[in-house]
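Chemist: One structure follows; several queries about it will come next.
The values are calculated or read from the model by the stated rules, or taken from the named source; none is laboratory data. Everything numeric here is computed off the predicted structure, so don't read it as measured data. Ideal geometry is used to build each Cβ from the backbone, glycine not excepted, and the neighbour counts take in all protein chains shown.
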């Protein structure tokens, strides 16, 4: 028999060792590795001799992660072309093939004596194509000689931006900017009506809309479900755990371990945003709408409102309804007379509400004071400025109203004349620039501060040229040319750790920038050339580079080379473009602020805090709508004990999770509580009858009571006008209902005591059919309880009541099986009855009777079965 | 007003779609969990209509068969003619004897009071999920050489009126009885009632054992 040599040798070795099976884990791996080697060798010896062997035996690759071509294809290629292939990283591996290398793998490699080269799969395909082993130089993923850090390849910029939510948000506005048309002259005497519209936890909402099962679960949207990934959006359930946007995943997991993390769906967000925009453009003229980002817009309703805020409120209500219908997501709106106040009002209206804020001075000041608007919500104040102000004027300054104590001089001294002045006014709710000023970017910047780890100057140059291409495209898209080019870099601060806490983040950095003034240009090669030159002048150690960007300023319209663009309020422009005010210090502030805005300062506070802040106003303003709570999912009727564990283990993992999740979920549900209590109490049901009944009534009714009372009020049971009650503040409504519930409880208790005092002819507690039957259809557990209670008291002595009760029970069975088609409920009761027989053998005859009638009469009557049958009571 | 009527009609149409899709998913799932076909023939899918995760055959012929079944049934269900959909599993090992029947008992109540709102389908989703959770807890049958067929209990004369060239065999209840063995055990799987959509449905299994 023709046995390949290697296979034979291993077989003999195994025979020699006389080992059956595996002696240890190491042995298992040993055998497995050898088997795989055999397999590979077999493939290699099988291939056709005419193929030129590119690889030598010295090339032994290991494939890490997903690659293109795939691992199997690479394995085949290696077999064909004479190389080696390893399933595990070991000392024999010479090359690791991957696109990206995980940090942990990298660390492990660093500890190896002879770490393998980490190369891109293109090296193999290119080598084979060119029929010779190419140099590794251009294909290295990790530069071993230098720092063992991943080196960026030129195509990473596009890849990064494709996955970046900040880029999506920023670029979205660029694409949908109709600002040129928003420069309509308006009579100064006409009061403006500005609406600020913001989608509620947009990314999370989209996810919840597409999967309704997530509605009542804490969810967050982030790149990864572990480690130092940043949360960009969290729903209100998650926020109740204290999770905020911008929080790191590790922190979030501590707060809420069962947080569901969902990936970004950039395309879906764009589609949803487009639907929202379409509605805005339908309802208002395009020139009156300013799309701020993917989930945010300003609308000018001045012309439609006729100087009446009620019209504005009405329009906004319609607008929000339309948006909810079209997108399936809710949004909040703030209405006021300038953008600053409108935005403040939105913050207050969230979630899913709207709020009108008058711009009369005392109302505004009261609003700012009462709402304790945080300093960070004031345009012009970012985290850095916030710290600066607190350092200078004391930690007690946290809200906008606290700033009122400072004079303009104090602020301008600390923050510069322009910034200080605008903050001075902004914190008083006075906008510093007219919102209708011409909007035109006065600078364009492309910056990347994440994942920058270069090892050679050449890599930086390639990257800078890539960035300049982007700048050039943007310049051309708004037909501008630049006369000044700035290169900004972030270099690792001396003494700062080489790898910051945030994965691939920039950590503490020194900022530096260098500019050059040139002839007006929008040419990418020219900008790139200048950028490379400027970068060299900055003298940054390449390995310490953590962020790099190109910014072009002094923009001129390509057509008319003399008109300079006028600026809009800082508040408006800072979302996408930053202003270079010259000097390193100013630059730092600018950069910091730019980042902060991208994180949306409004999301910096937990929803709980906002709730607290705005609780008072919420109760007073009828215009503010509270979100309707989603209806609770229907009760599930499976308990953990009912699941066959063997079957469960055979099921796929996620279905197991779902089944178990269902069980877990139901533990919280009131219905199950009742069931469990009934089960438990069955044991000593004889001694504690009355208690159980009371407890039972309490549990069963607790949820319904409030609703019932509301209905009672609605139906005019009490001398209260429902419409009036509806108009009252929520807290008062609640109180009324609470009182009514308490009253009813007292009444019920009184009736019960009365009933107990009346001696019954025989000792059995027999529920009256009138009170017994109406609730039967509602809850099978109630029936089970009643029947069990009765059965527990049955004695062997003949009893007249037995016949009556049996008839009632059978009537119930008939109704449930024939009319309601609910075999499940019927079986449940039978199961309970059977259980009772174990406790009280006297009632066995009753159970048999019922069971017989159900099987021989009721089931055939309902058409379930045509003949005598049995019913399986024991479950699946 | 006409908008509301239109909306109601759309809801009824959607419910029908969900129902058809649900029955189709149930057929596939039963074939999987009961081991009528080998497990590797199935893969997990999330149904577009019901949003439920279930097993689906990968065999195009079987898929087409089930899809065609549903297509022909659609009109009947729409008109409330179908009372039961029965998935019978029999084994050639026991000479073609019936082993069990899974019965989906349906009732679509013409509900004039449907109030369209965004939450109307939410309870239905949870109910359907419970069906699948229960179905997934069923164990494979021990018998081998299994085969299945689908029966529909419907108002036959009206069905014939609707569909001229019926590609179904008409059987009377007597035919069924003759093939039965002596003992039948009923095992309920799940029941649901959705008042808002006027849908009442239950599922149970009839197990046949020869004495």
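Chemist: Among the residues of segment A:401-417 satisfying the criterion of being within 41 Å of the chain's Cα centre (by Cα) and not in a helix (DSSP H, G or I), which is surrounded by the most Cβ atoms within 10 Å (Cβ to Cβ)? Quick ask: steps written out before the conclusion?
Modeler: Taking segment A:401-417 first, the residues within 41 Å of the chain's Cα centre (by Cα) are A:401-406, A:411-412, A:414-417.
Remaining after also requiring not in a helix (DSSP H, G or I): A:406, A:416.
Working: A:406: 18, A:416: 15.
Taking the candidates together, the pick is A:406.
Chemist: Looking at segment A:100-109, can you tell me whether even one residue there is touching a helix residue (DSSP H, G or I) at 6+ places or on another chain (Cβ under 8 Å) and either without any contact (Cβ under 8 Å) to a residue 40 or more places away in the chain or more than 27 Å from residue A:502 (Cα to Cα) (or both)?
Modeler: no
Chemist: Does residue B:48 satisfy the condition of being surrounded by fewer than 21 Cβ atoms within 10 Å (Cβ to Cβ), free of Cβ contacts under 8 Å to residues at least 40 places away in the same chain and not in a helix (DSSP H, G or I)?
Modeler: On the way: surrounded by fewer than 21 Cβ atoms within 10 Å (Cβ to Cβ): yes; free of Cβ contacts under 8 Å to residues at least 40 places away in the same chain: yes; not in a helix (DSSP H, G or I): yes.
Here the answer is yes, as residue B:48 does meet what is asked.
Chemist: For the subset of segment B:172-190 comprising residues that are facing chain A (nearest Cβ under 7 Å) and assigned to a helix (DSSP H, G or I), which member is modelled with the lowest pLDDT?
Modeler: B:177
Chemist: In addition: Please give the number of the condition residue B:149 fails out of (1) modelled with pLDDT of 70 or more; (2) more than 14 Å from chain A (Cβ to nearest Cβ); (3) not in a strand (DSSP E or B).
Modeler: If we test residue B:149 against (1) modelled with pLDDT of 70 or more; (2) more than 14 Å from chain A (Cβ to nearest Cβ); (3) not in a strand (DSSP E or B), just (3) comes out false.
Residue-by-condition table, conditions (1) surrounded by fewer than 12 Cβ atoms within 10 Å (Cβ to Cβ); (2) at pLDDT 70 or above; (3) away from chain B (no Cβ under 14 Å):
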position: A:747; (1), (2), (3): yes, no, yes
position: A:768; (1), (2), (3): yes, no, yes
position: A:771; (1), (2), (3): yes, no, yes
position: A:775; (1), (2), (3): no, no, yes
position: A:782; (1), (2), (3): no, yes, yes
position: A:808; (1), (2), (3): no, yes, yes
position: A:816; (1), (2), (3): no, yes, no
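Chemist: So, in segment A:324-352, of the ones that are within 14 Å of another protein chain (Cβ to nearest Cβ) and under 20 Å from the mean Cα position of the chain (by Cα), which residue ends up surrounded by the most Cβ atoms within 10 Å (Cβ to Cβ)? Break it down stepwise before answering.
Modeler: Taking segment A:324-352 as the starting set, the residues that turn out to be within 14 Å of another protein chain (Cβ to nearest Cβ) are A:324-330, A:352.
Next, from what is left, pick out any that are under 20 Å from the mean Cα position of the chain (by Cα): A:324, A:327-330, A:352.
Numbers: A:324: 16, A:327: 22, A:328: 16, A:329: 24, A:330: 21, A:352: 20.
Residue satisfying both the conditions and the ranking: A:329.
Chemist: Any idea how many residues of segment A:57-76 are assigned to a loop (DSSP other than H, G, I, E, B) and under 42 Å from the mean Cα position of the chain (by Cα)?
Modeler: 7
Chemist: Something else about it: Is segment A:447-455 home to any residue that is under 20 Å from residue A:526 (Cβ atoms), surrounded by 17 or more Cβ atoms within 10 Å (Cβ to Cβ) and in contact (Cβ under 8 Å) with a residue 40 or more places away in the chain?
Modeler: Step one: filter segment A:447-455 for residues under 20 Å from residue A:526 (Cβ atoms), giving A:447.
Narrowing the set further to residues that are surrounded by 17 or more Cβ atoms within 10 Å (Cβ to Cβ) leaves A:447.
Now restrict to residues that are in contact (Cβ under 8 Å) with a residue 40 or more places away in the chain: A:447.
Checking segment A:447-455: at least one residue is under 20 Å from residue A:526 (Cβ atoms), surrounded by 17 or more Cβ atoms within 10 Å (Cβ to Cβ) and in contact (Cβ under 8 Å) with a residue 40 or more places away in the chain.
Chemist: Something else about it: Of everything in segment A:208-244, what is within 14 Å of another protein chain (Cβ to nearest Cβ) and in contact with a helix residue (DSSP H, G or I) (Cβ under 9 Å, 6 or more places away or on another chain)? Give them in sequence order.
Modeler: A:208, A:209, A:210, A:212, A:213, A:214, A:215, A:216, A:217
Chemist: Now for a different question. Residues of segment B:51-84 being within 19 Å of residue B:13 (Cβ to Cβ) and free of Cβ contacts under 8 Å to residues at least 24 places away in the same chain, which ones?
Modeler: The initial filter retains those residues of segment B:51-84 that are within 19 Å of residue B:13 (Cβ to Cβ), namely B:51, B:67, B:70-82.
Result: B:71, single match.
Chemist: Do we have residue A:284 as touching a helix residue (DSSP H, G or I) at 6+ places or on another chain (Cβ under 9 Å), over 30 Å from residue A:403 (Cα atoms) and buried (at least 22 other Cβ atoms within 10 Å of the Cβ) here? Lay out the reasoning, then the answer.
Modeler: Working: touching a helix residue (DSSP H, G or I) at 6+ places or on another chain (Cβ under 9 Å): yes; over 30 Å from residue A:403 (Cα atoms): yes; buried (at least 22 other Cβ atoms within 10 Å of the Cβ): no.
When the stated conditions are applied, residue A:284 does not pass them.
Chemist: Looking only at segment A:360-373, which residues are surrounded by 18 or more Cβ atoms within 10 Å (Cβ to Cβ) and modelled with pLDDT under 80? Spell out how you get there, then give the answer.
Modeler: Of the residues in segment A:360-373, the ones surrounded by 18 or more Cβ atoms within 10 Å (Cβ to Cβ) are A:364, A:367-368, A:371, A:373.
Those that are surrounded by 18 or more Cβ atoms within 10 Å (Cβ to Cβ) and modelled with pLDDT under 80: A:371, A:373.
Chemist: Also, I was wondering about something else. Considering only segment A:842-862, state which residues are within 11 Å of chain B (Cβ to nearest Cβ) and free of Cβ contacts under 8 Å to residues at least 12 places away in the same chain.
Modeler: A:860
Chemist: Looking at segment A:98-130, which of the residues that are within 15 Å of residue A:78 (Cα to Cα) and in a helix (DSSP H, G or I) is nearest to the chain's Cα centre (by Cα)?
Modeler: A:122
Chemist: State which residue is farthest from residue B:88 (Cα to Cα) when the search covers only segment B:30-44 and only residues that are within 14 Å of chain A (Cβ to nearest Cβ) and assigned to a helix (DSSP H, G or I).
Modeler: B:40
Chemist: Considering each residue of segment A:77-92, count those that are under 16 Å from residue A:139 (Cβ atoms) and part of a loop (DSSP other than H, G, I, E, B), and give that number.
Modeler: 1
Chemist: I'd like to check something: does segment A:822-833 contain any residue that is at the interface with chain B (Cβ under 10 Å from one of its Cβ atoms), touching a helix residue (DSSP H, G or I) at 6+ places or on another chain (Cβ under 6 Å) and not in a helix (DSSP H, G or I)?
Modeler: Scanning segment A:822-833, I find at least one residue that is at the interface with chain B (Cβ under 10 Å from one of its Cβ atoms), touching a helix residue (DSSP H, G or I) at 6+ places or on another chain (Cβ under 6 Å) and not in a helix (DSSP H, G or I), so the answer is yes.
Chemist: Among the residues of segment A:185-205, are any within 14 Å of another protein chain (Cβ to nearest Cβ) and modelled with pLDDT of 80 or more? Lay out the reasoning, then the answer.
Modeler: Within segment A:185-205, the subset within 14 Å of another protein chain (Cβ to nearest Cβ) is A:205.
Filter once more, keeping what is modelled with pLDDT of 80 or more: A:205.
Yes, segment A:185-205 has at least one match.
Chemist: Tally time: how many residues in segment B:191-211 are at the interface with chain A (Cβ under 7 Å from one of its Cβ atoms) and touching a helix residue (DSSP H, G or I) at 6+ places or on another chain (Cβ under 9 Å)?
Modeler: 4
Chemist: Just the residues that are more than 9 Å from chain A (Cβ to nearest Cβ) and crowded, with 20+ Cβ neighbours inside 10 Å, please, taken from segment B:131-145.
Modeler: The answer is B:131, B:135.
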